[in-house]
Amino acid sequence: MALRHVILTLLHRNPATGYDIVKEFDTVVGYFWSASHQQVYRDLAKLAEEGLVRFTLVPQEEKPDRKVYELTEAGREVLGEWIESPIQPRKLHDELLVRLLAGELVGSVALRSLLAGQQKVRQRRFEDYRQIEKEHFTEHALETLPPVHQLACMMLRLGIRGEKAWLEWAEEMDGVLERMAGQAPPHADDGTLSQDDSPGSLR
């Protein structure tokens, strides 16, 4: 998946200006795909060059004309082909987990502080998701919503459950780090793991 597919998806839903698309990345879309303003405008220009989107100039008083983008037929075909293509397994890149793996270097107190910072970030995100759900999806049963809103609701529920599971894991991890703080190092003076005890040698 590439940024261009996100932009094509947004334009499939509604014609929009570059500014409108950027706002989507600052709010709803930003919860599952991040991109800078420059990246959005760059890819939007490339899509126009390739004939996958086109724009109409809308005059404004005392302001530059607005460029309102929409999908072309070629853009719809590319988007449809992408939707039906196989999804590649997602590669996990989690900086926190790497830091925890090397955590013996700084000790449990520093790791707990690091974890606490991430817990605050994820707790805010969890609360944001719940607020969006409350504002948009709690008054009506899921099956009574328009199809696009049903899909959006299910995406939001995945986010809520994912953040809840992460927070539960983090609380458990904090307990492990607290317990480790009172334990002696598992090996002698250099604090390193022996070859037999390294993660790669577990059986």
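Which one, 175, 145, 159, is farthest towards the positive end of the dipole of the stretch 95-184 when Lys and Arg carry +1 and Asp and Glu -1 on their Cβ? Checked the options; the winner is 175. Each Lys and Arg adds +1 at its Cβ and each Asp and Glu adds -1 at its Cβ; summed about the Cα centre, the stretch 3-84 shows a dipole of about 160 debye. Structure note, pairs 91/134; 134/164; 23/91; 23/120; 67/134: Cα-Cα distances above 22 angstrom occur for 91/134; 23/91; 23/120; 67/134. Peptide packing: for 15-28, 49-62, 124-137, the average count of neighbouring Cβ atoms within 10 Å per residue gives the ranking 15-28, 124-137, 49-62, highest mean first.
The residues neighbouring residue 26, those whose beta-carbon lies less than 15 Å from its own, together hold a net charge of -1 under the Lys/Arg +1, Asp/Glu -1 convention.
Quick one: net charge around residue 98, please, counting Lys, Arg +1 and Asp, Glu -1 for every other residue with C-beta under 14 Å from its C-beta. Every neighbour counted, the sum reads -1. Entry note, the stretch 1-111: relative contact order of 27 percent, from Cα contacts under 8 Å with a spacing of 6+ residues. Its Cα centre serving as origin, the chain has a Cβ charge dipole (Lys and Arg +1, Asp and Glu -1) of approximately 220 debye. Spin-label model, residue 77 to residue 176: label points 7 Å out along the Cα-to-beta-carbon direction sit 5.1 nm apart. Rg/Rh for the chain (Cα atoms only, Rh after Kirkwood) is 1.11. As a calculated quantity, the FRET efficiency between residue 32 and residue 57 at R0 = 41 Å, using C-beta atoms, amounts to about 0.80. Ratio of Rg to Rh for the stretch 6-92: 1.01 [Cα atoms; Kirkwood radius as inverse mean 1/r over pairs].
Read-outs throughout are calculated quantities, based only on the coordinates presented, and are distinct from any laboratory measurement. Since this is a predicted model, take the numbers as computed values, not measurements. No Cβ is skipped: glycine too gets one built from the backbone with ideal geometry, and neighbour counts run over all protein chains shown.
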